[in-house]
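We did not get these values from a lab; they are worked out from the coordinates using the rules stated. Keep in mind that what you see is a predicted model, and the values were worked out from it rather than measured. No Cβ is skipped: glycine too gets one built from the backbone with ideal geometry, and neighbour counts run over all protein chains shown.
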Amino acid sequence: MNLCQRRQTGFTIVELLVSIGIIALLIALLLPGVQSSREAARRVGCSSNLRQIGLALTNYHSQFQSLPPFSIWAGPKGEPLAGGQLPVGIVDRVALGISPASEPDRLMANWLILILPQLDQTTIYNLFHLGLPTADFTNSEPRIAEVASLKCPSDPFNGSNNLYQRGQQSGQSGFTYARGNYAMNIGTNRACYNIPLPGASTPCDDGFVVDGTNLAVDNTTLSGNGVGGVNVAFKYADMQTGLSNLVGVEEIRAGVHALDPRGSWALGYSGASGTMRHGVVSPNEDDAGPNNQAVSGDDIQGCTALKNAVGAGQLLRLRMPCFSSTNIEVNYEATARSLHPAGAYLLMLDGSVHFASDNMNPDVWFQLHSRNNTSVIESSF
């Protein structure tokens, strides 16, 4: 090779390197825009799903003259594991290994199962045996059904490779649930009851409402100031705050591990398909807004086992903290969560969908979740 050829080869290599550098720079400049465009499309899909759910709730109300209950709980009355009460934090018998070994599970259909026909999912609905617990083996097929309209495209944890294994904590297999990303608002109430507990002199005015006068004997329903309760269904006429100022359904995230019950669409527990206790302590605790990162924001059954499997630090990095307890853990509290930047989508009962900022005023957040609120709510969307 002569000198001229070597120079030409050298210039070609230099030009190639420069071209590669320019292409890499262009990709680096374009990538954020591409990612932003994709997230914008995912947000459109997510809000569209909520509008579809809102239309389904409207059609359900037209057909049955009420919204669906949050969940249906079978008798006998009360819950022996809670001293005869139907507790605010519902005990998960399957996760604890009590069912089916000792007693059958008591958790039946939830609100999402009940509105499947209105979501054009009649085939899945017909597979459910509504007279049996969702944990029953006859309901194995429908409870793992993948329903696209119940999944937010921004959540990578809601796929069929990350099903909730409800019995894994107690060494049981087969109690499997598919994931979703939308939850009914159960209310803002404190963890107490509207009637006095045995030995107490006064009731808790802002607590959960039960139908009996003796919690240990005749308690068969439980409801807060949201839009649905356990064995309780509300009508649009019950919403004192008005349909446009009341959250009916909001985003939640799918659990990040097989032990994490959050986002299990066919499971009628707080955290799985419901949110509750919004902002009742302080802005830094409980559910004072979407994506609250206080560990008390999600009190879910199995948090201790989940932390042992995943690591408490990793849950914090994933922005999915939960509260663990040395007592029997129950599904006790949950807030709205999403993987959209800086907020989550809310479906109001009038069918409108809004994006709520993580920095929303906690007092407004509280008011938006109570059907009994009669004060004027200034728009924060």
Diffusion coefficient in µm²/s returned for the range 38-368 by Stokes-Einstein, Kirkwood Rh over C-alpha pairs, 37 °C and 0.692 mPa s, is 168 µm²/s
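Can you sort Ile13, Ile252 from fewest to most other Cβ atoms within 10 Å of each residue's own Cβ?
Lowest count first: Ile13, Ile252.
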If every Lys and Arg gets +1 and every Asp and Glu gets -1 at its Cβ, then about the Cα centre the range 38-368 yields a dipole, in debye to the nearest 20, of 700 debye
Under the rule rounded for a/c under 1.5, else prolate if a/b exceeds b/c, else oblate, using alpha carbon gyration tensor axes a ≥ b ≥ c, the range 235-357 is classed as prolate
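Neighbour counts of other C-beta atoms within 10 Å: give me Val330, Val295 arranged from fewest to most. Each step should come with its number before you reach the end.
Values: Val330 24, Val295 17.
Ranking Val330, Val295 by Cβ neighbours within 10 Å, fewest first, gives Val295, Val330.
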